[in-house]
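Here is the structure we will look at.
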Amino acid sequence: MLGRISIALLALMLAACVGVPPGTGEKRIAMTFDDVPRAPGAFFTPDERTERLRAQMRRAGVKQAAFFINPAQLKKRPNGLAHIHGYVADGHVLANHTASHPSLSQVSVEAYIADIDTAEAWLSPWSARRAWFRYPYLDEGRKDAARRDAVRQALAKRGLANGYVTVDASDWFYEQATIKAVRSGLLMDRDALRDLYVESHVEAAEFYDVLARQAIGRSPAHVLLLHETDLAALYLADLVAALKDRGWTIITADEAYRDPLGELAATYDTPSAQGTLTEQVAWQNGLPAPRWYARNNTTIAQAEFDRRVLGIASQ
């Protein structure tokens, strides 16, 4: 695992780049999980994954995470409904991620809104339901401002807030890389996999916090994007411990989405609408690129995975 000194040096360098003193202000972050119920991963059955993830959150003291649901996937996921009931029983909350996970850039606005409504009809009876909507792929229309604005208007009409994220380390990519390695019969260093997963998310949190401080002048209540993966079921407690070691406080999703930063989610206007809210606000406020964590470039992430987890040197 990247040592404390290395992470501290990273934070200092990032802070120096944007002129923000390191270690100032409280750092708070909430856990959120997309694509529930998700397909099987590399190591566990979906049943095993759910129980392990629930146990990881109890061990880590995560009192309330948010799970963004795709109800149409229940047809493909045996026991998926029981898994959702388990999360709710542990005190976690549910929110809308569309019914079938379309990309706004790839379907009509009418079809997209209908998919939101289908998911909302499924969610509405749940007492754990929250009025948050998260765009699949974080795709809010990309370069199509008319498409972006049409969905924003539809969400406002339905009383749904943008379930934005402020921190992303592309955990979905590490899941895919792990599945591919297992299916290919490649030998993996599981300790290195843990370290890469944890390190990437801690680095991303530090990076986006510095970026946010420069963009809005303070550290907001952050929202971490995760997925319901085997890696989360294995390493979430390690990740939380590493965040706490860097001075982060784990907060509820309810607290995170009360932050005034959320008011910007339906108002920013940038040449492309896809990614973290931190990136978008920084872009709008004139901060130069890069406005995203380096390993969200999957070429860089793959090279790290190959070198550290598979022991394959870059060509």
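Worth a mention:
- Test for Thr276: is it β-branched (Val, Ile, Thr), open to solvent by 10 Å² or more (accessible area, probe 1.4 Å) and modelled with pLDDT of 95 or more: no
- Residue that is nearest to the chain's Cα centre (by Cα) [pool: residues in the range 279-290 that are of a type outside the set (Asp, Glu) and assigned to a helix (DSSP H, G or I)]: Gln280
- Boolean, Asp254 is in contact with a Gly (Cβ under 6 Å, 6 or more places away or on another chain) and charged (D, E, K, R): no
- Test: residue in the range 154-175 that is farther than 16 Å from Phe133 by Cα, more than 20 Å from the chain's Cα centre (by Cα) and either hydrophobic (A, V, I, L, M, F, W, C) or loosely packed, with under 15 Cβ neighbours inside 10 Å (or both): no
- The residue list Leu196, Leu225 contains one member that is outside any strand (DSSP E or B), at pLDDT 95 or above and not acidic (Asp, Glu), which is Leu196.
- Filtered residues of the range 49-98 (kept if of a type in the set (S, T, N, Q), open to solvent by less than 10 Å² (accessible area, probe 1.4 Å) and part of a loop (DSSP other than H, G, I, E, B)): Asn70, Thr98
- A single member of Ala266, Ala232 is within 27 Å of Glu48 (Cα to Cα) and either in contact (Cβ under 8 Å) with a residue 24 or more places away in the chain or part of a helix (DSSP H, G or I) (or both), and it is Ala232.
- Residue that is least open to solvent (accessible area, probe 1.4 Å), among those in the range 134-148 that are part of a helix (DSSP H, G or I) and closer than 12 Å to His97 by Cα: Pro136
- Close pairs (7 angstrom Cβ cut-off, 6 or more residues apart or separate chains): aromatic (Phe, Trp, Tyr) in the range 107-120, at pLDDT 95 or above anywhere: Tyr112/Pro102; Tyr112/Leu104; Tyr112/Val151
- Residue satisfying all of: in the range 291-315; at pLDDT 95 or above and outside any helix (DSSP H, G or I); most open to solvent (accessible area, probe 1.4 Å) among these: Trp292
- Long-range neighbours under 9 Å by Cβ, at least six apart or interchain, first residue closer than 21 Å to Ala265 by Cβ within the range 160-187, second basic (Lys, Arg) and open to solvent by 30 Å² or more (accessible area, probe 1.4 Å): Ala161/Arg130; Asn162/Arg152; Gly163/Arg130
- Which numbered condition Ala131 fails, given (1) touching a Gly at 6+ places or on another chain (Cβ under 7 Å); (2) assigned to a helix (DSSP H, G or I); (3) surrounded by fewer than 20 Cβ atoms within 10 Å (Cβ to Cβ): (2)
- Of the residues Ala204, Ala169, Ala128, the single one that is of a type in the set (Gly, Ala, Ser), under 17 Å from Ile29 (Cβ atoms) and touching a His at 6+ places or on another chain (Cβ under 9 Å) is Ala169.
The values are calculated or read from the model by the stated rules, or taken from the named source; none is laboratory data. Predicted, not measured: the structure shown is a model, and the values here were computed from it. Neighbour counts are summed over all protein chains in view; Cβ atoms, including those assigned to glycine, are modelled from backbone coordinates with ideal geometry. These area figures cover heavy atoms from the full protein model, side chains too; ligands, DNA and RNA do not enter into them. Shrake-Rupley method; radii C 1.70, N 1.55, O 1.52, S 1.80 Å.
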